Amino acid sequence: MIRVLPIILIVALWLYGMVDCAMSDRRAVRGGISKTSWFLVSLLPAVGTALWFIFGRPRKATPPPSTGRGRGRRPIAPDDDPDFLRGL
């Protein structure tokens with residue numbers, strides 16, 4: 001079983017990398033090449049997937065700006081929204 005574990009790990013990471021590449025936004029892909037090219041590179045099981053995660057994968061989105069109350073903006077119910085209440 002211990003001999004099969006590295007193979008299972010490589011296959012799982014390879015599949016995750018291919019799905020991640022296919023599902024990523026084409027405008028957010030880094031590395032200077034197109035999303036299609038990155039998908040073709042990720043077909044190489046270990047090397048291509050590692051290159052995708054290091055150089056091509058989009059960075060996480062920046063967090064929303066703080067409102068000064070120590071928490072980010074988030075949707076609020078209409079009865080808590082001052083703009084909505086002013087319109088009544």
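The values are calculated or read from the model by the stated rules, or taken from the named source; none is laboratory data. These numbers come from a predicted model, not from an experiment. FYI the Cβ positions are ideal-geometry reconstructions off the backbone, even for glycines, and counts take in every protein chain you see.
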In segment 28-42, residues that are under 14 Å from Ile54 (Cβ atoms) and in contact (Cβ under 8 Å) with a residue 24 or more places away in the chain total 4
Residues in segment 31-45 that are of a type outside the set (S, T, N, Q), at pLDDT 85 or above and either farther than 22 Å from Val11 by Cα or exposed (fewer than 10 other Cβ atoms within 10 Å of the Cβ) (or both) total 1
Per the filter on segment 22-45, residues touching a Gly at 6+ places or on another chain (Cβ under 7 Å) and in a helix (DSSP H, G or I) are Trp38, Val41
Residue count, segment 46-88, condition surrounded by 12 or more Cβ atoms within 10 Å (Cβ to Cβ), at pLDDT below 80 and part of a loop (DSSP other than H, G, I, E, B), comes to 1
Flagged pairs (Cβ under 6 angstrom, 6 or more apart or on separate chains; first in segment 6-27, closer than 14 Å to Leu51 by Cβ and among the hydrophobic types (A, V, I, L, M, F, W, C); second modelled with pLDDT under 90 and surrounded by 12 or more Cβ atoms within 10 Å (Cβ to Cβ)) are Leu13/Thr49; Trp14/Pro45; Trp14/Thr49; Met18/Ser42; Cys21/Trp38; Cys21/Phe39; Cys21/Ser42; Cys21/Trp52
